[in-house]
Amino acid sequence: MEELVLKFEPKTIEHLGVKMYSTLPPALAELISNAYDADASEVEVTFHEQSGTPISIVVKDNGCGMSFSDIQNKFLAIGRDRRQTDGDKPSPKYGRLPTGKKGLGKLALFGIAKEIIIDTVKAGKRNRFTLDWDTLYSSEGQYRPKTEVIDEVSEKPDSTYIYLKKLKRKSKFDISSIADGLSRIFITDDNFKINLKKTGGSQLEEETVKNERRFSQIDKEFSWNKNDLEVGDYKYANDVEFEFITSEKPIKPSSGLRGITIFSRGKLVNAPEFFSDSTSSHVFQYLTGWIRADFIDLLDEDVISTNRQSLNWEHDEMQVFRAWLQELVSKVSADWRVKRKGKKEDEFKSRTGIDKEKWMSTLPKDIKSSAEKIITTLSTDEGVDESFNPVVLALHQIIPEYPELHWRHLHEEIKDASKKGYEGSNYYSAFLEAAKRYANRVREYSGNNNEHDVDLMGQVFGFEENKWKVAVGYLRANNTDFASNTLKNIEGAQRKLSQGIFEGGRNIVAHEEALDLAKSGIFSEKDCLDLLSLISHLMCRVETANRIKNEAEAKGAEKEK
């Protein structure tokens, strides 16, 4: 019977196998990669436990299997560059380009188990052999695996089973976490499925490794792909696929998801990073994603590290690639700030019913600064904390839109008439509309239709007997009438102030250009507000007088009945 021979330096096995692949997902990934390269459509990994203690792991695939020659000259040849010997050509069934290159991934087996049994069938021939770590490590440069079956005729389809026994692991298997870990190492598709199973419990547990698992632990907020970003004229831009994702909340550093992962030929080649010397940007707490750059495997020089966790960024092509990636991340960062600001504004409006941007735009500079400081203090990265909504609403009541107008406590009709012009910063229009409203109400209440406003006020108001009185119905605290001189002054003031509104306000606007008045400072926002306050005072007098008149007329009509 022929014997299999593994030639090696023991320290090589220890450093490149045991120490480099001491955790499950990376070690299993090497076996799964072999299945992928063997044109398998499915890999099944079964974890066996007994009373909570790990017993064994079985990895089986439906790939093309290995012949005795394949085992001796390929599988047991440590450091063999398969692409150099076999060529970098597509697989016959699925047209896959090989992921293996260095010939060291098989050493990952010894990172998790001391006994490995390989049972494989190819073209109707079955081979089975065992690798034992303790015996191998104590050997001097040459190790002969225990062969059990060599070229046995078999009716089984092509396949490979790998049994990992005498596991180094003592803790229970968490196949959900293992599936998550593998999903960050592989890009799967419909022609390559990875299924996990766990036995030994009350029932069989099953998980599937799929792309959606990769970011399932985060709440996706925004994402960008090639359709969303200007990729520039980088020579590999059309060949690279990517998706950048930001989460709603900061990604925990311990999750291993912060940063962008690079894949080549469906397998991880660079652990998550941001391709920048500085990682202080706020967006880096939220940013994750993936890049598929198959061109990396086509470079003349091998730039992928042995454990496939990093690239040689000193390589000329990699430096250009890194600069391009850094530019893309910068674009994502800028767009993220815009999108996040818009979302926070929308959430603010949804929670409070207030359009913050519009609100702030109507506040005077000094008031705006203080209001924004308060809102910022009440805010988190996710927007205003819902518990502070009552505080924000109370602040909005105290400082509403256009607070200067609000704080004047204008008569409602005057506020209504002047609002459009004032909010448009057209203070002349605001004043004119308010003056018109006042004049129209005087005509309506008094019955005098004189179209000349100054004359109208002179004819309607005054202390004379035929004038419309606005000071009627007011009494001292002891229920006695005010002195006639007091009433005379109030009535005279109503006339003179009303006439002054039109002579000193409306008429100057009628004779001068608004732009000249604005630039001169003779009619400012404050002048507008002061006049609106005065008109409100006069309007209140008129409205009260009209109400009293209507009540008196109603009482008289009642008596006549």
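The values are calculated or read from the model by the stated rules, or taken from the named source; none is laboratory data. Just so you know, these numbers come straight off a predicted model, no measurement behind them. Virtual Cβ from ideal backbone geometry, glycine too; neighbours counted across all protein chains shown.
Summary table
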| item | result |
| --- | --- |
| Residue check, TRP290 among the aromatic types (Phe, Trp, Tyr), in contact with a Ser or Thr (Cβ under 7 Å, 6 or more places away or on another chain) and within 30 Å of GLY95 (Cβ to Cβ) | yes |
| Residues that are more than 13 Å from ILE354 (Cα to Cα) and among the hydrophobic types (A, V, I, L, M, F, W, C), drawn from the range 392-405 | ILE398, LEU405 |
| Output for the range 326-359, where each listed residue is loosely packed, with under 14 Cβ neighbours inside 10 Å and among the aliphatic types (A, V, I, L, M) | ALA334, VAL338 |
| Test: ALA430 is within 19 Å of GLY504 (Cα to Cα), touching a Cys at 6+ places or on another chain (Cβ under 6 Å) and in the same structural domain as GLN499 (by TED's automatic domain parsing) | yes |
| Search result, residues across the range 229-256 that are within 19 Å of the chain's Cα centre (by Cα) and in contact (Cβ under 8 Å) with a residue 60 or more places away in the chain | LEU229, PHE242, PHE244, THR246, GLU248, LYS249, PRO250, GLY256 |
| Residues being modelled with pLDDT under 85 and among the polar types (S, T, N, Q) - total across the range 353-393 | 6 |
| ALA40 being part of a helix (DSSP H, G or I), surrounded by 22 or more Cβ atoms within 10 Å (Cβ to Cβ), at pLDDT 65 or above and out of contact with any Leu (no Cβ under 6 Å at 6 or more places or on another chain) | no |
| Any pair with Cβ under 7 angstrom, 6 or more apart, that starts in the range 534-555 at a residue that is assigned by TED's automatic domain parsing to the domain that holds ARG441 and under 14 Å from ARG441 (Cβ atoms) and ends at one that is surrounded by 18 or more Cβ atoms within 10 Å (Cβ to Cβ) and among the polar types (S, T, N, Q) | LEU538/GLN494; LEU538/SER498; ARG541/GLN494 |
| Test for MET66: is it assigned to a loop (DSSP other than H, G, I, E, B), surrounded by fewer than 20 Cβ atoms within 10 Å (Cβ to Cβ) and either touching a Phe, Trp or Tyr at 6+ places or on another chain (Cβ under 7 Å) or at pLDDT below 70 (or both) | no |
| Residue among LEU410, LEU405, LEU393 that is surrounded by 12 or more Cβ atoms within 10 Å (Cβ to Cβ) and over 24 Å from LYS526 (Cα atoms) | LEU393 |
| Selected residue [aliphatic (A, V, I, L, M) and surrounded by fewer than 16 Cβ atoms within 10 Å (Cβ to Cβ)] from LEU204, LEU257, LEU287 | LEU204 |
| Hits in the range 179-194 - residues which are modelled with pLDDT of 90 or more, of a type in the set (S, T, N, Q) and not in a helix (DSSP H, G or I) | ASN191 |
| Residue within the range 199-212 that is assigned to a helix (DSSP H, G or I) and either hydroxyl-bearing (Ser, Thr, Tyr) or under 21 Å from GLU42 (Cα atoms) (or both) present | yes |
| Selection status of ILE117, assigned to a helix (DSSP H, G or I), in contact with a Phe, Trp or Tyr (Cβ under 8 Å, 6 or more places away or on another chain) and at pLDDT 85 or above | no |
| Pairs with Cβ under 6 Å, 6+ apart, first in the range 284-297 and part of a strand (DSSP E or B), second hydroxyl-bearing (Ser, Thr, Tyr) | LEU287/THR246; TRP290/THR261 |
| Residues located in the range 142-178, provided they are surrounded by fewer than 18 Cβ atoms within 10 Å (Cβ to Cβ) and assigned to a strand (DSSP E or B) | GLN142, LYS146, THR147, GLU148, VAL149, ILE150, ASP151, GLU152, VAL153, TYR161, LYS165, LYS166 |
